Each structure stands twice: as structure tokens, then as C-alpha cells.
1. May I ask for the distance between the Cα centers of region 31-76 and region 81-97, given as a whole number of Å?
2. For region 62-68, in order, what is each residue's ³J(HN,Hα) by Karplus, 6.51 cos²θ - 1.76 cosθ + 1.60 with θ = phi - 60°, in whole Hz (x at glycine and Pro)?
3. Determine which residues of region 123-151 fall in the zone a paramagnetic label at Gln157 would reach in this model, i.e. backbone nitrogen under 11 Å from the point 7 Å along Cα→Cβ.
4. Under 5 Å between amide H atoms, partner at least 5 residues away or on a different chain: which partners does Leu37 have, H built in plane at 1.01 Å?
5. Provide the gained length on full extension for the span Asn80 to Lys131, in nm with one decimal, where the gain is 0.36 nm per separating residue minus the Cα-Cα distance.
6. Got a sec to turn the phi values of region 140-155 into Karplus ³J(HN,Hα) couplings, 6.51 cos²θ - 1.76 cosθ + 1.60 with θ = phi - 60°, whole Hz, x for Gly and Pro?
7. Considering amide H positions built from the backbone, and no H for Pro or chain starts, which residues 5 or more places from Val43, or on another chain, come under 5 Å of its amide H?
8. Can you work out ³J(HN,Hα) from phi for every residue in region 83-98, in order, using Karplus 6.51 cos²θ - 1.76 cosθ + 1.60 and θ = phi - 60°, giving whole Hz and x for Gly and Pro?
Amino acid sequence: MTPHRSKIKTNVAPKTIAGGESPTGNMDFLPTMHKALNKILFVEDEPDIQYVACLALESVGGFTVKACASGKEALQLATNFMPDLILLDVMMPEMDGVTTLQLLRKLPGCESIPAIFLTAKTRAQDVEQLKRAGALDIVPKPFDPMTLSRTVLEIWQRR
């Protein structure tokens, strides 16, 4: 399920964020040694969180986002979409985020796609466990929609 992709107009004037990128996704500042972050596979079972995050990642960050409501759906869509990054919730019914990531990593072409968990589990031992499971890092819930793209991009750049 992909959220509605309407263009939302706001009265907020565009600002340049530290590092040179614009909120519309101009990522010319990225070092040339890294592949640009363009496509994100986002796995989140909560429709409201999915909608807000997709809106933020697409409208503020300029990313192309394929949203999935479950791990099963992510497994079905991943190889056709071939994301640059996987952003996924940890706690989901039927298949949690860690299991989803483990199964995604078994798919041809998805073995080394970087992943970030979106989670309320922010204790140091929880974060370390998620990193051991293959995540670059986490984005804590609740998140600020206006800074979500920036946070994801900063984690992407540290890899």
C-alpha cells in the first residue's frame, strides 16, 4: 500500500540545511564515493505512521518511497523495487522487523542493502541488538517528520 502522493503546498519558505542540500532533495553535497540515496523501501504496519513518514520522505527529502504494511509485503516487492535503503519498523504483527530484514537479505540483490530500524526501542542494549541484526542505526519513535529525511540521510552517509 503506497500512500496518496499529492503535492502539498505549505507557507514554509525553503531553507538550505547544513551541508548544502535543500529540503526538496538536492543531494549534490554527497561525496562521490557513495551511491546516492534515492529509493527507500519502507516497512510499517501502522497506517498513520506510514502516511506521515512517506509524506516526509517524499516531500521533504525528495526520495522515492515504496511503502509496505508488512514484512510479507516487503518480501514480495523488494526485488522488483530494488531500494537503496530499507527503513523498517521493529514491532509488527506476524513478522517483526528483524525477521523481515533477515529474510530480505536472503533475496537475490538484497543481500547488502543498508537498513535502518524505526523504533521506540532506544535503550543502548536494544540499539546494539538491532545493529547486530544488520541495521546501520535506528530512528527513534516518535520522530519529527520535518527532520526524518535529514536523519535518514545522515545515517546513510555514515555507512
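1. Value for the Cα centre distance between the two parts: 10 Å.
2. x, 7, 8, 10, 10, 8, 10
3. 150-151
4. Distant-sequence amide H within range of Leu37: zero hits.
5. Values: separation 51, 0.36 × 51 = 18.36 nm, distance 2.59 nm.
Working it through step by step, the gained length comes to 15.8 nm.
6. x, 9, x, 10, 8, x, 6, 10, 4, 4, 4, 4, 4, 5, 5, 5
7. Those qualifying (amide H under 5 Å, at least 5 residues apart or on another chain) are Cys68, Leu87, Leu88, Asp89.
8. x, 7, 8, 10, 10, 9, 5, 8, 9, 9, x, 6, 9, 6, x, 5
Where a number appears in this text, it was derived from the coordinates with a stated rule and is not lab data. All of these numbers come straight from a predicted model, not from anything done at the bench. Cβ atoms come from the backbone with ideal geometry, glycine included; neighbour counts cover every protein chain shown.
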